[in-house]
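Working notes, structure below.
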Amino acid sequence: MIPALFSSSQYSVSWRMTALVLAVLCAGCHRKTEAEWDKEHFDKQVASIRNGKSDCLYLYDLQEPDALLRGVAGMKEIKGIMFDQMYNVTALGMEAVSTLPNLKTVTIGGVKIGDDLLQALSGSPSLEKLNLSPYLPPTINVETLLAFPRLKKLCIDLYMEDNDEGKAETEAWVKNFLEQMKEATSLDELILSGSVFVDRRKKVALLQKQLPGCKIKLVRGIGATVGPSLPLEVDL
């Protein structure tokens, strides 16, 4: 029931004016998209690096990573990047990463690492340490891993359950990997993490003999790509 203080027409006009004012006010209230939040956080990290407070980027589940990475192409201050749950990054983004002249370490985990990503990254003239924890079965060509010109340390972390889909493909990949890695004569250190490697301890020991200048560490468990220390190292 409309109060007696107002007529029906007055009440209608008053309500419309109120609605119009609220609409104008709300028009100025922009709700940020996920991509905008990503950029804001990314820009803060970049600013921290430019100010000398850090030298690494941590990238988690970005909506438009390629555009952000192209924005820092050639940046001299970046020495490390960690990709976590980065489903949207493509070879275009990795090409931008490869232009970072002082990049030393890249970690890629929680994402399907296609060979195209690593091919683009292999153009890096400075990368020395690569940590990979790919989805199974791996789709990485060993030839691509051997193409990094200055790579000194490689860590492969494969965690596989007995009932995992793609188990046969993963085991075939590991067999091929251990056979071809004898060509990695420029590596100083190779860390192999996960039961799929531990179960092939003899093959790993043979690889160690084939690469006397490379220290091979065999690790039972997960987390070798990101942890400060290696859990449950296994003797060869």
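The values are calculated or read from the model by the stated rules, or taken from the named source; none is laboratory data. As the structure is a prediction and not an experimental result, all values here were calculated from the model. When we count neighbours, we look across all protein chains shown, and the Cβ atoms used for this are built from the backbone with ideal geometry, even at glycine.
Here is how the numbers come out for the structure above:
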quantity	calculated
Per-region count, the stretch 194-210, residues surrounded by fewer than 18 Cβ atoms within 10 Å (Cβ to Cβ) and at pLDDT 90 or above	10
The lone exception for L57 - which of (1) surrounded by fewer than 21 Cβ atoms within 10 Å (Cβ to Cβ); (2) at pLDDT 95 or above; (3) in contact with a strand residue (DSSP E or B) (Cβ under 6 Å, 6 or more places away or on another chain) it fails	(1)
Which listed residue, of S126, S229, is part of a loop (DSSP other than H, G, I, E, B) and modelled with pLDDT of 95 or more	S126
Positions within the stretch 31-56 being in a helix (DSSP H, G or I), in contact (Cβ under 8 Å) with a residue 24 or more places away in the chain and not basic (K, R), in sequence order	E34, A35, D38, F42, V46, I49
Residues of the stretch 69-100 satisfying the condition of being under 15 Å from R50 (Cβ atoms), out of contact with any strand residue (DSSP E or B) (no Cβ under 7 Å at 6 or more places or on another chain) and not acidic (D, E)	G71, V72, A73, G74, M75, K76, L100
Output for the stretch 138-178, where each listed residue is among the aliphatic types (A, V, I, L, M), assigned to a helix (DSSP H, G or I) and either under 17 Å from D115 (Cα atoms) or in contact with a helix residue (DSSP H, G or I) (Cβ under 6 Å, 6 or more places away or on another chain) (or both)	V142, L145, A172, V174, L178
Inter-residue pairs, beta-carbon under 7 Å, first under 19 Å from T105 (Cα atoms) and in the stretch 57-69, second modelled with pLDDT of 95 or more and in a loop (DSSP other than H, G, I, E, B), 6+ apart	L57/I78
Leading residue by the ranking (farthest from the chain's Cα centre (by Cα)) among those in the stretch 107-123 that are more than 19 Å from L192 (Cα to Cα) and in a loop (DSSP other than H, G, I, E, B)	G123
Every pair of residues 6+ apart whose Cβ atoms lie under 9 Å, when the first sits in the stretch 124-139 and is free of Cβ contacts under 8 Å to residues at least 60 places away in the same chain and farther than 12 Å from E169 by Cβ while the second is small (G, A, S) and part of a loop (DSSP other than H, G, I, E, B)	S124/S98; P125/S98; L127/S98
Counted residues, the stretch 76-95 - those being touching a Lys or Arg at 6+ places or on another chain (Cβ under 8 Å) and either assigned to a helix (DSSP H, G or I) or at pLDDT 95 or above (or both)	5
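Results for (1) among the aromatic types (F, W, Y); (2) loosely packed, with under 13 Cβ neighbours inside 10 Å; (3) over 21 Å from K153 (Cβ atoms), shown as yes or no for each residue.
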| site | (1), (2), (3) |
| --- | --- |
| D38 | no, no, yes |
| A47 | no, yes, yes |
| D61 | no, no, yes |
| L69 | no, no, yes |
| Q85 | no, yes, yes |
| M94 | no, no, no |
| L103 | no, no, no |
| D116 | no, no, yes |
